[in-house]
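One structure, pasted below without further comment.
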Amino acid sequence: MIDSEEKFFSYLKGGMNSEKKKEFEEELLRSENLNKDFADYKKLHSMLDDVKNIRINKNYSESIITEFRKRKESRIINKSFSKTRFAFTSIVLILIGYFLISFLNQERSMEINSLLTEFSETELESLSRNTAYSVNVENNISDDDVSKIDSIYKENLSASLNETIEENRLDNIYSINNVSDIDEYLSENDVELIYAQLINKEIL
Amino acid sequence: MHELNNDFELTKSFLNGDESAFNRLAVKYHEKIYWHARRMTGNHLDADEIVQEVLIVLYNKLKTFEFKSSLYTWIFTITNTRSINYLKKKNLRSFFSLDDISNSKFEQNDMIDDLESKQKVEKIEKVLQKLPVKQREVFIMRNFDELSYEEISQITGKNIGTLKANHFHALNKIKELVKYD
């Protein structure tokens, strides 16, 4: 059926050579159904051809180009206007951002001022001295001092462990040659205890 | 062949800055664009809008056209795609009741001079609108724009077998609709 339609189309549009045309005409004579289908197709085609040849009126035809040029111009104007609008919006946003940040900073400095008024002069002096002292200690402490502090922590820690872990288990721990084997001699509770001690000593 | 050269020369002149060359291209193709869009959408106002859109696209994208296919096929591809997109948008808008569809049907500015022709066009448009878009596009391109299946395949990106099947269904439906109209 699709093939017949193609043949009809080709026949009506003059797309067949004389041999094919003759062949198709003979086919039409032989088959009544094909003949009927072709008659329907021809009728529809002449109707479509009728419509196909209708032209749009001249004024409208000419106005298409004018309208196109007008729209193109207005698009260019819109484009440049939207660029200006974008630039303007950006400037406004930057200004708003600037004023917002300055306003927030102003509020923060007011908070600091109100905090300062809450403390007396001597309190403020001692606070600044403490801060200066801790900064000074951090900067000036030597390696020897650090190892001294570590050994004090160590002594305290081992004393606490001695108090809390049973003696025979401690002997086992002290008898270990390889530190990496320590896991085998410690129970989960012992590990937790050691960590608790370390935390108490504020080492961790 | 002469037409191809002419399109090529007009395009070249336009790309070299000759605006009148674009006008000549627009004059040459605007009626084909209009009728394809009108048959796809079924009314003058939508077709008019599509013509303007296609001309704008043509104006902006002509520099990217490499003449690997004919300009005619390329323009049809743009027109067909725009028409389908327009129909989709319109359906969406009517679904959300943003458009009053009755307003856009056969408005005052119908651009056909005599009444008899107007009636013929209206009759066919009414029938065409009853076809699904897929069948409508191939029917229009085959019967009104007289394009070959190869050209239609190039424009729509569908294979020839599918196009033939769609056309066959469209043709049978139209025969029935015309008979009972």
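Quick check for you: with a 1.4 Å probe and neighbouring chains kept, what is the accessible area per residue of the protein assembly as shown, in Å²?
Value returned for the protein assembly as shown: 66 Å² of accessible area per residue.
Oh, and also: Show that you can apply the helix-only estimate: for the protein assembly as shown, add -39,500 (n - 2.57) for every DSSP H stretch of four or more residues, divide by all residues, and state [θ] at 222 nm to the nearest 500.
-27000 deg cm²/dmol
On to the next question. Compute the accessible area of each residue in region B:117-131 twice, once for its chain alone and once with every protein chain present, using a 1.4 Å probe on heavy atoms, and list those whose area falls by at least 40 Å².
The answer is B:LYS120, B:ILE124 - residues whose exposure falls by at least 40 Å² when every protein chain is included.
So, one more: Once the principal axes of the Cα atoms of the protein assembly as shown are found, what is the range along each, listed largest first in whole angstroms?
The Cα atoms of the protein assembly as shown stretch 121, 58, 45 Å along their principal axes.
Sticking with this structure for a sec: Excluding B:TYR149 itself, what net charge comes from residues whose Cβ is under 9 Å from its Cβ, given Lys and Arg +1 and Asp and Glu -1?
Once positives and negatives cancel, what remains is -1.
Next up: Which order do A:ARG30, B:ARG24, B:ARG38 take when ranked by solvent-accessible area (1.4 Å probe, heavy atoms of all protein chains), largest first?
Descending order: A:ARG30, B:ARG24, B:ARG38.
Could I ask something else about it? Other chains' Cβ within 10 Å of B:144-155 residues: what's the mean?
That average works out to 1.
Got a sec? What order do B:TYR86, B:TYR149 fall in by accessible area at 1.4 Å, biggest, i.e. largest, first?
If we order B:TYR86, B:TYR149 from most to least accessible, we get B:TYR86, B:TYR149.
Let me ask something additional. Enter the accessible area of A:LEU28 (Å², nearest 10), with the probe set to 1.4 Å and all protein chains included.
Rounded to the nearest 10, that gives 20 Å².
Short version: ³J(HN,Hα) in whole Hz for each residue of region A:90-101, in order, from phi by Karplus 6.51 cos²θ - 1.76 cosθ + 1.60 (θ = phi - 60°), x for Gly and Pro, what are they?
4, 4, 4, 5, 4, 4, 4, x, 4, 5, 5, 5
In Å², rounded to the nearest 100, what is the total accessible surface buried by chains B and A against each other with a 1.4 Å probe?
3600
OK, next. Place a +1 charge on the Cβ of each Lys and Arg in the protein assembly as shown and a -1 charge on the Cβ of each Asp and Glu, then give the dipole magnitude about the Cα centre in debye, rounded to the nearest 20.
My answer is approximately 4620 debye.
Please compute the modelled spin-label separation between A:LYS83 and A:LYS36, points set 7 Å along Cα→Cβ, answer in nm with one decimal.
6.9
Place +1 on the Cβ of every Lys and Arg and -1 on the Cβ of every Asp and Glu in chain B, take the dipole about the Cα centre, and give the residue among B:TYR86, B:LEU10, B:ASN166 whose Cα lies farthest towards its positive end.
Result: B:ASN166, furthest along the dipole toward the positive end.
For the protein assembly as shown, what % of the accessible area comes from carbon and sulfur atoms, probe 1.4 Å?
That fraction is 53 percent.
Here is a further query. Keeping every protein chain in place, order B:LYS63, B:LYS173 by accessible area at 1.4 Å, biggest value first, i.e. largest first.
These residues rank, largest area first, as B:LYS63, B:LYS173.
I would also like to ask the following. Just checking the output field for A:66-74: average partner chain Cβ neighbours within 10 Å of each residue's Cβ?
4
Taking the Cα centre of region B:2-180 as origin, sum charge times position over the Cβ atoms of Lys and Arg (+1) and Asp and Glu (-1), and report the length of that vector in debye to the nearest 20.
Dipole about the Cα centre, nearest 20: 900 debye.
Moving on. So what does A:ASP144 come to for accessible area, using a 1.4 Å probe and Å² rounded to 10?
For A:ASP144, the solvent-accessible surface is approximately 110 Å².
Over the heavy atoms of A:LYS36, what accessible area does a 1.4 Å probe trace out, to the nearest 10 Å²?
Here the accessible area works out near 120 Å².
Using a 1.4 Å probe on the heavy atoms of the protein chains only, list every residue of region A:37-58 that has 50 Å² or more less accessible area in the complete assembly than in its chain alone.
Those residues are A:LEU44, A:MET47, A:LEU48, A:VAL51, A:LYS52, A:ILE54, A:ILE56, A:ASN57.
In addition: Ratio of Rg to Rh for chain B, alpha carbon only, Kirkwood?
With Rg and the Kirkwood Rh in hand, the quotient comes to 0.98.
In addition: Of B:VAL127, B:ILE56, A:SER90, which is farthest along the charge dipole of the protein assembly as shown in the positive direction, counting Lys and Arg as +1 and Asp and Glu as -1 at C-beta?
B:VAL127
Separate question: Between A:THR66 and A:ASP144, what is 0.36 nm times their sequence separation minus the Cα-Cα distance? Round to one decimal in nm.
Going from the current span to full extension adds 18.8 nm.
The values are calculated or read from the model by the stated rules, or taken from the named source; none is laboratory data. Not measured: the values here are computed from a predicted model. Using ideal geometry, Cβ is built from the backbone for each residue, glycine included, and neighbour counts are taken over all protein chains shown. Ligands, DNA and RNA are excluded from the accessible area calculation, which covers all protein heavy atoms including side chains. Shrake-Rupley method; radii C 1.70, N 1.55, O 1.52, S 1.80 Å.
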